[in-house]
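Student: Input: one structure, supplied below.
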Amino acid sequence: MYITIDTNFLQHPKFKILCRRLDDVYVDVVKTSQLRHTTSLGVIVRLWVKTMQFYRDGKLDYQAIFDVADESGLDAEKLKIALIESGLIEEVDGYYLVHDWYDYGGKYNRTKELYNERQKRYRENKKKDDENVTSQ
């Protein structure tokens with residue numbers, strides 16, 4: 001399983017907003033803005049990886065955000081607010097939806113489903129072929 005990161009992501013306004021929102025959170029932990037920028041990227045990658053592994057529909061519960069915050073040494077509530085304010089997640093009907101998940105992370109899921117279906121058809125056809133060979 002893998003995730004892809006667009007080469008323009010580091011210049012994306014949503015990522016820059018996340019970096020600024022998390023600046024206050026990092027001040028005591030990470031001293032330079034370059035490190036805070038890198039740490040913010042780590043946070044978003046952790047979020048995407050967790051989503052890919054456990055929340056394939058892109059719908060997160062608070063526990064997912066808490067886990068990412070805990071793994072990153074951040075306050076979960078501050079991280080949630082920063083992610084919402086930056087537009088990287090959206091609060092919808094009691095859960096948190098990763099922005100554009102269906103266009104990006106969902107693409108991997110669709111590809112995997114298609115691969116699994118193709119493999120299933122191959123196995124079924126192979127089984128039929130094997131049965132035909134043994135019946136002759």
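The values are calculated or read from the model by the stated rules, or taken from the named source; none is laboratory data. Model, not experiment: these values are computed from the prediction. Quick reminder, even Gly has a Cβ in these numbers, built from the backbone with ideal geometry, and neighbours come from all protein chains shown.
Student: Taking LYS59 as meeting all but one of (1) at pLDDT below 90; (2) in the same structural domain as ASP6 (by TED's automatic domain parsing); (3) among the basic types (Lys, Arg), write down the number of the exception.
Tutor: (1)
Student: Taking the criterion of being of a type outside the set (D, E, K, R), at pLDDT below 75 and either surrounded by 12 or more Cβ atoms within 10 Å (Cβ to Cβ) or not assigned by TED's automatic domain parsing to the domain that holds ILE5 (or both), would at least one residue in the stretch 49-56 satisfy it?
Tutor: First, pick out the residues of the stretch 49-56 that are of a type outside the set (D, E, K, R): 49, 51-55.
Imposing the further condition that a residue be at pLDDT below 75 reduces the set to none.
No; the residues of the stretch 49-56 include none that is of a type outside the set (D, E, K, R), at pLDDT below 75 and either surrounded by 12 or more Cβ atoms within 10 Å (Cβ to Cβ) or not assigned by TED's automatic domain parsing to the domain that holds ILE5 (or both).
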